[in-house]
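The values are calculated or read from the model by the stated rules, or taken from the named source; none is laboratory data. These numbers were taken from a predicted model, which means no experiment stands behind them. Ideal geometry is used to build each Cβ from the backbone, glycine not excepted, and the neighbour counts take in all protein chains shown.
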Amino acid sequence: MNKNKEQLLNKRYKAEKRFRLYGQGAIFMAFLFLIIFIFKIFSTGYSAFQKTWLIVPVTFDAELMMLEQNPSKQDLKDADYYDIALKSMADLDPNANEDQENELKRMVSYFFEREIKRELLNDPSLIGKTKDVYLTASDDLDQVFKGNYPRDLPEDQRRVTDYQLKIFDQLVELGKVESKFNLSFFTYPDSREAELAGIASSFMGSIFSILVCLMIAFPVAVLAAIYLEEFAPKNRFTDFIEVNINNLAAVPSIVFGLLGLGILLAVFQLPRSTPLVGGITLSLMTLPTIIIACRASLKAVPPSIREAALAMGASKMQTTMHHTVPLSMPGTLSGTIIGLAQALGETAPLILIGMVAFVNTIPGSPLDPAASLPVQIYIWAESAERGFVEKVSACIMVLLGFLIIMNLFAQIIRHKFEKKWS
Amino acid sequence: MNLILFIFIVLLGFTSYYFGRRKAYTIQSTNKRLTALPQFYGYYLAIWCAIPAFIIFSLWAIFEPTIVKLLILSDYSNQGYLDDELNLIYEKTKALSRGQFTGEITPFIEASAEKYLSLRSIAQSSKAVIVLSIIIASVAYAYKKISSNSRTREPVEKFLKAVLFTASLAAILTTVGIVFSLIFQTIDFFKVIPLFDFVFGTHWYPAKAFVRDSSEALDPTMYSDTFGAVPIFAGTFFIAFIAMCVAIPIGLMSGIYLAEYASVKVRQYAKPLIEILAGIPTVVYGFFAALTVGPFLKEIGNSMGLDVSAESALAAGGVMGIMIIPFISSLSDDVITSVPQSLRDGSYAMGATKSETIKKVIFPAALPGIVGSILLGVSRAIGETMIVVMASGLAANLTLNPLESTSTITAQIVVILIGDQAFGDPKTQAAFALGMSLFLVTLCLNIVALRVVKKYREKYE
């Protein structure tokens, strides 16, 4: 009998331990996912912040550029750079035949003549001389140099030919290949060529959308929250508004995209693919988030503050506007920032309103067509070129960086400025 | 022009505010008692300046284009043009007047463009004159009122309250907007495709609708086997099911652990860390699923001799499950912590261990709340878009094999609507019909879940 009891007790203690272990295991799993996730993104993405350059001697031959004596600035701009660009690449291997010359040309980026042109425009005295020019390597060679490209594949499965690899290795040995910080990733707009693609256009698109979203969502949400929390009578209509807000907070984001498409584009005829429409769509999405945050922080202001103001003869409106609302602002602002962070990461509604269009200019206003950072991630992730994989990860790192900064900011506002009532 | 007018009106508003306040001070200096604080006199005047301006601006924005169009097209009215042709003429006129017209310029259109420009300038200047004169009149009326020291605080506060009330209607307007944007296209869709075929058809192949020659009349029989949504619905719930298989055990167990076992310090750090998972944008999850998880599963499957698609339902559903973990863990954590301590104490007093208390007492007590949180998680899984678009297939297979690719409602909406859409095409309308069903399903789930959670909270508060 006693032994039986002991056995039972042991069994129960074991069950207790097991249950605890399950809990720890679940938390561990969640952390594990997070760590794998972040590790994967960083390990594929960090190399995109470096860019490979080939240093190629270029002879600025006036005759090949169709330049006459003493050319003006405009002449230099209109000159033909393609031939000298081609020639300088072909000169890397004097024995190259026609096919090989073509392969040599494809070792640098698609717009390599522009880099040569820029060099000459910076220093017109180079005409007739030879100078080492930094040329952006093609994205495949860029990947080879970073070690992301399998060299041991058979040649017909590679986009880099054996010949290109041979010349490239010679250049590496001569020290004519250099890796530098990839500034163009931040300053160039999107491009079909992986080595020239940057996030400037989508970054500006994101900024404009978020600004539009903030300018619409914040005032409307705060005013709505003040009404619902401080003035609304308790009746069916108020309940209906509340049910609406709670539901909107859980409506899938793609439905808001359909709203933007069906109402903003089709009925109001607003311009497609623009951050203006994107921002309005996102603002409808963030509205419930901000309303809920603002109401919570209005609720947290103790009634004694309101009673004191009312006792001093302030009207209800004055009490609210002069005392309750300012005291609730830290909570509201941090809720707003969190809402905006959500909006910044949103993709599906923006795809539906056409912000996936290929944009190779940097938008200057909310009325110019643009992409946004998450949409850029989607566009690049769907491209086949190997060079885009690290770009996607790098873009994700930039996006996550912004989200982290915004969330930290929200935390700081909340902890620094929020009054603790106790 | 509009901008200058706008700035002018804003300046006028500010000046009237200062005028109103000064008037209040002068009334005060004559030893009369003010009926409100001086700034209310200013607000009162400023509001009388802003409201008429706002009304006229919006009236103009609504009616000006229609009236100008009517006037322009009245030149063509008795020449037997069809409505579509008239619209085309009007578009050409507008384009020419902006200097963006590329094509043959007929003298007729040139004349219309000139007329258009002159009409526009007449409209603009008459707007300016009308706005300014009405504002001046209304401000003068208001100035007379405050000069006689009548009440100003009450009307100003009433106005502010009206503004607050209008803002709170935004939530209703958004819902109405969603319903409106979906319902018309959906009704048009069901005019061509019978509801029965949509709900019970087993072939989803919207690309077929693309082949149609637009000059031919719509032939409903052509679509008889194109828009059967059963594979889409099945795929949606299947992927959501896989996601919940990952999210419920992990989310629930970590919620229980955080609420019942974890020390304050662990809780303080672990909770926000898990919630990071909820803050990561879904497109990032999609990329992760497509680039890492999909190929990884394929490799494992191949090494075991299984045929695994690189875009499997398992990859999409599994990653989606990771995304949903924090929703379930935080919500169930909240729910469990709100179970009253007396229930625990009673159970401990009877000699139960902690896990027995959790399983036999706390879990049943918290069950409604936990079910609510799971329902919210399901609704999120059904509405999730980017993970499915990027990691699961886009072809709608009717399958229950998690290693094959399937498609979901959200993925099909994106596939259909990406790029240029032609409104009035059954294919585009199909996307809206899918959106409608998505909205209805998630709406039901949300309402039930929110009600369950609310009922549960009321029980213990």
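The table below gives the values:
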| quantity | calculated |
| --- | --- |
| Complete set of residues in the range A:238-290 that are at the interface with chain B (Cβ under 7 Å from one of its Cβ atoms) and β-branched (V, I, T) | A:I241, A:I245, A:V251, A:I254, A:V255, A:I263 |
| Residue check, A:E16 acidic (D, E), in contact (Cβ under 8 Å) with a residue 60 or more places away in the chain and either assigned to a helix (DSSP H, G or I) or at positive phi (or both) | no |
| Any hit, the range A:73-80, residues being in a loop (DSSP other than H, G, I, E, B) and either surrounded by fewer than 16 Cβ atoms within 10 Å (Cβ to Cβ) or touching a residue at least 60 places away in the same chain (Cβ under 8 Å) (or both) | yes |
| Which listed residue, of B:I183, B:I178, is more than 9 Å from chain A (Cβ to nearest Cβ) and of a type outside the set (F, W, Y) | B:I183 |
| Residues being out of contact with any Phe, Trp or Tyr (no Cβ under 8 Å at 6 or more places or on another chain) and within 14 Å of another protein chain (Cβ to nearest Cβ) - total across the range B:115-164 | 8 |
| Which listed residue, of A:S109, A:S47, is surrounded by 14 or more Cβ atoms within 10 Å (Cβ to Cβ), closer than 30 Å to B:M323 by Cα, more than 14 Å from chain B (Cβ to nearest Cβ) and in contact with a helix residue (DSSP H, G or I) (Cβ under 7 Å, 6 or more places away or on another chain) | A:S47 |
| Close pairs from the range A:111-123: first touching a residue at least 24 places away in the same chain (Cβ under 8 Å), partner surrounded by fewer than 19 Cβ atoms within 10 Å (Cβ to Cβ) and aromatic (F, W, Y), Cβ under 8 Å, at least 6 apart | A:E113/A:Y82 |
| Some residue of the range A:293-314 being more than 25 Å from B:A433 (Cα to Cα), crowded, with 22+ Cβ neighbours inside 10 Å, more than 10 Å from chain B (Cβ to nearest Cβ) and small (G, A, S) | yes |
| Among the residues listed as B:F14, B:F19, B:F54, B:F40, the single one being of a type outside the set (A, V, I, L, M), touching a Lys or Arg at 6+ places or on another chain (Cβ under 7 Å) and modelled with pLDDT of 85 or more | B:F40 |
| Helices (runs of 4 or more DSSP H) fully within the range B:113-205 counting 1 or more residues that are of a type in the set (S, T, Y) and either surrounded by fewer than 14 Cβ atoms within 10 Å (Cβ to Cβ) or not assigned by TED's automatic domain parsing to the domain that holds B:G235 (or both) | B:153-168, B:170-192 |
| Subset of the range A:374-391 [closer than 17 Å to B:V389 by Cα and either buried (at least 24 other Cβ atoms within 10 Å of the Cβ) or at the interface with another protein chain (Cβ under 9 Å from one of its Cβ atoms) (or both)] | A:P374, A:V375, A:Q376, A:I377, A:Y378, A:W380, A:A381, A:E382 |
| Filter result for the condition that a residue is more than 10 Å from chain A (Cβ to nearest Cβ), among the aliphatic types (A, V, I, L, M), closer than 20 Å to B:A229 by Cα and assigned to a helix (DSSP H, G or I), over B:V415, B:V361, B:V389, B:V371 | B:V415 |
| From the options B:E384, B:E404, B:E458, residue that is surrounded by 24 or more Cβ atoms within 10 Å (Cβ to Cβ) and either away from chain A (no Cβ under 11 Å) or under 30 Å from B:V293 (Cα atoms) (or both) | B:E384 |
| Sole exception among (1) at pLDDT below 80; (2) touching a Leu at 6+ places or on another chain (Cβ under 7 Å); (3) not in a helix (DSSP H, G or I) for A:W53, by number | (1) |
| Members of the range A:364-422 found to be in a loop (DSSP other than H, G, I, E, B), within 30 Å of A:H323 (Cβ to Cβ) and in contact (Cβ under 8 Å) with a residue 60 or more places away in the chain, listed by number | A:E418, A:K419, A:W421 |
| Close pairs from the range B:24-44: first among the aromatic types (F, W, Y), partner in a loop (DSSP other than H, G, I, E, B), Cβ under 6 Å, at least 6 apart | B:F40/B:T152; B:Y41/B:T152; B:Y44/B:T152 |
| Of the criteria (1) surrounded by 11 or more Cβ atoms within 10 Å (Cβ to Cβ); (2) small (G, A, S); (3) outside any helix (DSSP H, G or I), which one B:G99 fails | (1) |
| Residue among A:D190, A:D152 that alone is at pLDDT below 85 and away from every other protein chain (no Cβ under 14 Å) | A:D152 |
| Those residues of the range B:255-308 which are within 22 Å of B:S330 (Cα to Cα) and not in a helix (DSSP H, G or I), in sequence order | B:A262, B:S263, B:I280, B:P281 |
| Search result, residues across the range A:392-422 that are within 14 Å of chain B (Cβ to nearest Cβ), surrounded by fewer than 20 Cβ atoms within 10 Å (Cβ to Cβ) and small (G, A, S) | A:G401 |
| Selection count, the range B:326-358, where residues are more than 11 Å from every other protein chain (Cβ to nearest Cβ) and surrounded by fewer than 19 Cβ atoms within 10 Å (Cβ to Cβ) | 14 |
| Scan of the range A:266-284 for residues that are of a type in the set (V, I, T) and in a helix (DSSP H, G or I), ordered by number | A:V277, A:I280, A:T281 |
| Qualifying residue in the range B:309-317 (condition: more than 8 Å from every other protein chain (Cβ to nearest Cβ), farther than 30 Å from A:K17 by Cβ and without any contact (Cβ under 8 Å) to a residue 40 or more places away in the chain) | yes |
| Hits in the range B:339-374 (condition: farther than 22 Å from A:Y22 by Cα and touching a residue at least 40 places away in the same chain (Cβ under 8 Å)) | B:P340, B:P368, B:G372 |
| Within the range A:260-291, considering residues that are of a type in the set (A, V, I, L, M, F, W, C) and free of Cβ contacts under 8 Å to residues at least 12 places away in the same chain, the one surrounded by the fewest Cβ atoms within 10 Å (Cβ to Cβ) | A:F268 |
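So that you can scan it fast, the table gives a plain yes or no per residue for (1) assigned by TED's automatic domain parsing to the domain that holds A:A381; (2) surrounded by 22 or more Cβ atoms within 10 Å (Cβ to Cβ); (3) in contact (Cβ under 8 Å) with a residue 40 or more places away in the chain; (4) touching a helix residue (DSSP H, G or I) at 6+ places or on another chain (Cβ under 9 Å):
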position: A:M317; (1), (2), (3), (4): yes, no, no, yes
position: A:M321; (1), (2), (3), (4): yes, no, no, yes
position: A:V325; (1), (2), (3), (4): yes, no, yes, yes
position: A:S328; (1), (2), (3), (4): yes, yes, no, yes
position: A:S334; (1), (2), (3), (4): yes, yes, yes, yes
position: A:G339; (1), (2), (3), (4): yes, yes, yes, yes
position: A:E346; (1), (2), (3), (4): yes, yes, yes, yes
position: A:I353; (1), (2), (3), (4): yes, yes, yes, yes
position: A:F358; (1), (2), (3), (4): yes, no, yes, yes
